[in-house]
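Here's the structure we're looking at; comments come further down.
The values are calculated or read from the model by the stated rules, or taken from the named source; none is laboratory data. Bear in mind the structure is a predicted one, so any value in this text is a computation, not a measurement. Ideal geometry is used to build each Cβ from the backbone, glycine not excepted, and the neighbour counts take in all protein chains shown. Each accessible area value is taken on the protein alone, full model and side chains, heavy atoms only, with ligands, DNA and RNA left out. Shrake-Rupley method; radii C 1.70, N 1.55, O 1.52, S 1.80 Å.
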Amino acid sequence: MENSDKKDFISTISHELRTPLTSIRGFSQTMLSSWDKLDDESKKRFIKIIEEQSNRLINLVENMLSVTKLQSAKDDIILKEVVIKPILETVISIIKNQYPQKNFELKINDKTPKILVDQDKFHQIMTNLVENAAKYSDENSTIKIETNFCENCEFVAIKVTNTGIGIDEKDYEKIFTKFSRIDNPLTRKVQGSGLGLFITKNLVEKMDGKISVSSKNNITTFEVQLPSANIEKQARAKCKR
Ligand SMILES: Nc1ncnc2c1ncn2[C@@H]1O[C@H](COP(=O)(O)OP(=O)(O)O)[C@@H](O)[C@H]1O
Ligand SMILES: [Mg+2]
């Protein structure tokens, strides 16, 4: 990392870490000092906030580690045949906890092929995209996550769609670069490091996939294409023949 990048990195990251940590500390302190005065409902609510904020920290730390790792040549990707649905269900339940006022619609055909990816990295990619969709969408709106595939296609596509402020076509490339955030009233209101999509694109491409965005009439869709395990099997079968 260059020196100026390092400074950016450290200042955005410390800012991003502070908010969830302050909240975790605050709610823990309140519970410790007022345990007997709090009803069960409040205790549960506070613990839930602590859980949400911890999840937020975990995502953040994962992204931080990725940025430093992306720069090193060492390849730590472990490709396996992965079933998409359960991972997306986990990702959605975690993000739903952080954004309870948003609705999530998961549409996955049972015939969707497995994909050949690193499971943790795939989780991270989808967390970044679903989190953005929740973060930059209209109040009480619905975020749609669906797959698209064909039997013998090389890739399985996963689309994340939300309604909201959208992205100008001139910014399509920019948002995938390091520390880039689009300046508008909404992004000024919500926190972010501008690293999520940079990391996401890098991880997708390391696994031989593709990522693209399109935004029109307030509808924004991010599409990730990842290698289908079907094709891999056929290729291997061919080699054996
Ligand atoms: N679904 C979306 N709708 C509108 N803008 C988006 C969406 N996803 C990403 N963006 C824009 O792309 C920028 C970069 O995203 P990202 O790299 O995840 O950084 P961060 O979320 O930390 O700001 C965001 O700051 C936002 O301006
Ligand atoms: Mg983000």
Unique residue being farther than 23 Å from GLY194 by Cα, away from ligand 1 (no atom under 12 Å from the Cβ), assigned by TED's automatic domain parsing to the domain that holds GLY166 and at pLDDT 95 or above when the list is ILE108, ILE92 | ILE108
Which condition breaks for LYS201 when tested against (1) basic (Lys, Arg); (2) within 16 Å of ligand 2 (Cβ to nearest atom); (3) surrounded by fewer than 17 Cβ atoms within 10 Å (Cβ to Cβ); (4) in contact (Cβ under 8 Å) with a residue 12 or more places away in the chain?
-> (3)
Could you please let me know if ASN148 is within 8 Å of ligand 1 (Cβ to nearest atom) and open to solvent by 20 Å² or more (accessible area, probe 1.4 Å)?
-> no
Yes/no for LYS178 being under 27 Å from GLU2 (Cβ atoms) and crowded, with 18+ Cβ neighbours inside 10 Å | no
Do you know which residues across the range 76-112 are within 23 Å of GLU205 (Cβ to Cβ) and open to solvent by 10 Å² or more (accessible area, probe 1.4 Å)?
-> ASP76, ILE77, ILE78, LEU79, LYS80, GLU81, VAL83, ILE87, THR112
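Scan the helices (runs of 4 or more DSSP H) fully inside the range 107-216 and keep the ones with 1 or more residues being aromatic (Phe, Trp, Tyr). Talk me through it step by step, then tell me what you get.
Values: elements: 119-135, 185-189, 196-206.
Result: 119-135, 196-206.
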Within the range 177-208, the count of residues that are near ligand 1 (Cβ under 6 Å from one of its atoms) and touching a Pro at 6+ places or on another chain (Cβ under 8 Å) comes to 0
Identify the residue in the range 217-232 that is out of contact with any Lys or Arg (no Cβ under 9 Å at 6 or more places or on another chain) and in a strand (DSSP E or B) and, among all such residues, is nearest to ligand 1 (Cβ to nearest atom).
-> THR220
